[in-house]
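This report concerns only the one structure given below.
Read-outs: derived from the displayed coordinates by stated rules, not from any lab. Quick caveat: nothing in here was measured; it's all calculated off a predicted structure. Here the Cβ is made from the backbone with ideal geometry for all residues, glycine too, and neighbour counts use every protein chain on show.
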Amino acid sequence: MHCCEVCGKHGANNAHHRVNASQGGRGTLANLLLVCGSGTTGCHGRITVHPRWAKAHGYSIRRGVEPSDVPVLRWSRYLGAHEPVLLDDEGNVEWTDQEVGEPCHRVSP
Ligand SMILES: [Zn+2]
């Protein structure tokens, strides 16, 4: 049984692409989160329905941004709490003190 990487609930069986597959996101470990729910339910649904929330926590990333560079607020079953981490494609999870989510980008008018 897997724990959801967003809320910690048991029974996560959905792979969520941080950079959406339709946006060029790949099936690499840094780009995938194991989450509960599906398209409209659980954390997978919440990510879909609340894109700004998902972006602010590193669950969703714009196309072209490298997922291993974007900290994500991930549920840790060891801590029993969320912690900001960086994921890499070897499956390593590294604690970080960087702010989660994408860094601010200046949007040209
Ligand atoms: Zn969940």
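Go through P84, P67 for me and flag whichever is in contact (Cβ under 8 Å) with a residue 40 or more places away in the chain and in contact with a Leu (Cβ under 8 Å, 6 or more places away or on another chain).
Exactly one of P84, P67 is in contact (Cβ under 8 Å) with a residue 40 or more places away in the chain and in contact with a Leu (Cβ under 8 Å, 6 or more places away or on another chain), namely P67.
So which residues in region 62-84 are of a type in the set (A, V, I, L, M), farther than 20 Å from R52 by Cβ and not in a loop (DSSP other than H, G, I, E, B)?
A81
For (1) in a loop (DSSP other than H, G, I, E, B); (2) near the ligand (Cβ under 10 Å from one of its atoms), each residue gets a yes or a no:
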{"position": "G8", "(1), (2)": "yes, yes"}
{"position": "L33", "(1), (2)": "no, yes"}
{"position": "G39", "(1), (2)": "yes, no"}
{"position": "H44", "(1), (2)": "no, yes"}
{"position": "T48", "(1), (2)": "no, no"}
{"position": "W53", "(1), (2)": "no, no"}
{"position": "S60", "(1), (2)": "yes, no"}
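Look at (1) within 16 Å of the ligand (Cβ to nearest atom); (2) under 12 Å from the mean Cα position of the chain (by Cα); (3) surrounded by fewer than 20 Cβ atoms within 10 Å (Cβ to Cβ); (4) not hydroxyl-bearing (S, T, Y) and you find that L29 fails only one, number (1).
For R62, the conditions (1) surrounded by 16 or more Cβ atoms within 10 Å (Cβ to Cβ); (2) touching a helix residue (DSSP H, G or I) at 6+ places or on another chain (Cβ under 8 Å); (3) farther than 23 Å from E90 by Cβ; (4) of a type in the set (K, R) are fulfilled apart from (1). Taking each residue of region 43-64 that is over 21 Å from C3 (Cα atoms) and looking for partners that are assigned to a helix (DSSP H, G or I) with beta-carbon atoms closer than 6 Å, six or more apart or interchain, yields I61/P67; R63/Q23.
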